[in-house]
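Comments concern the structure below.
The values are calculated or read from the model by the stated rules, or taken from the named source; none is laboratory data. Just so we're clear, the structure is a prediction, and the values are computed from it rather than from any experiment. Methodologically, a virtual Cβ is constructed for each residue, glycine included, from the backbone with ideal geometry; neighbour enumeration extends over all protein chains shown.
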Amino acid sequence: MTHTPEGSGERHVRHASIALDRELCTSCIICVVECPAWCIELTSHAEPVPDLPPGARPRTHQVLDTFTIDYGTCLYCGICIEECPFDALAWDERLVPPPPDRAALVADLT
Ligand code: SF4
Ligand code: SF4
């Protein structure tokens, strides 16, 4: 659900949960470090950078494996979204479903 404040043409996304675009995520861990609740965890692995120019030294980059947010401790402050330099995180209008137990509040966004 979205709402538009009266008098403004702006469309606001409900801050119900957080979405990750894994294609944009570089596993830089800035969001992990900046989150005041320490509720983001990710794992990644190194892969060779493809299509390097001839003569370039071999290089690797990190490829994301898992990315979780613990909605049991998330403050919905949006700092992770603001700090991501690659716009890989965004507010999502979908509510976190009622969990059967505490562990189910840890959501894998990948
Ligand atoms: S919204 Fe805030 S508390 Fe929740 S994961 Fe992002 S930075 Fe952490
Ligand atoms: S800050 Fe953005 S690019 Fe970096 S790990 Fe978090 S989501 Fe991925």
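Just one of 51, 87, 65, 70 is at pLDDT below 95 and charged (D, E, K, R); which is it? Break it down into steps so the answer makes sense when it comes.
Working: 87 fails: at pLDDT below 95; 65 fails: at pLDDT below 95; 70 fails: at pLDDT below 95.
Checking each option against the conditions leaves just 51.
Listed here are the residues, each with its yes/no results for (1) of a type outside the set (Gly, Ala, Ser); (2) part of a loop (DSSP other than H, G, I, E, B); (3) loosely packed, with under 11 Cβ neighbours inside 10 Å; (4) within 14 Å of ligand 1 (Cβ to nearest atom).
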{"residue": "24", "(1), (2), (3), (4)": "yes, yes, no, no"}
{"residue": "37", "(1), (2), (3), (4)": "no, yes, no, yes"}
{"residue": "56", "(1), (2), (3), (4)": "no, yes, yes, no"}
{"residue": "65", "(1), (2), (3), (4)": "yes, no, no, no"}
{"residue": "75", "(1), (2), (3), (4)": "yes, yes, yes, yes"}
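Does residue 93 count as over 11 Å from the mean Cα position of the chain (by Cα), surrounded by 12 or more Cβ atoms within 10 Å (Cβ to Cβ) and either more than 9 Å from ligand 2 (Cβ to nearest atom) or of a type in the set (S, T, N, Q) (or both)?
Numbers: over 11 Å from the mean Cα position of the chain (by Cα): yes; surrounded by 12 or more Cβ atoms within 10 Å (Cβ to Cβ): yes; either more than 9 Å from ligand 2 (Cβ to nearest atom) or of a type in the set (S, T, N, Q) (or both): yes.
Judged against the criteria, residue 93 is a match.
For every residue, the table says whether it meets (1) loosely packed, with under 11 Cβ neighbours inside 10 Å; (2) within 9 Å of ligand 2 (Cβ to nearest atom); (3) free of Cβ contacts under 8 Å to residues at least 40 places away in the same chain.
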| site | (1), (2), (3) |
| --- | --- |
| 14 | no, no, no |
| 34 | no, yes, no |
| 41 | no, no, yes |
| 71 | no, no, no |
| 88 | no, yes, no |
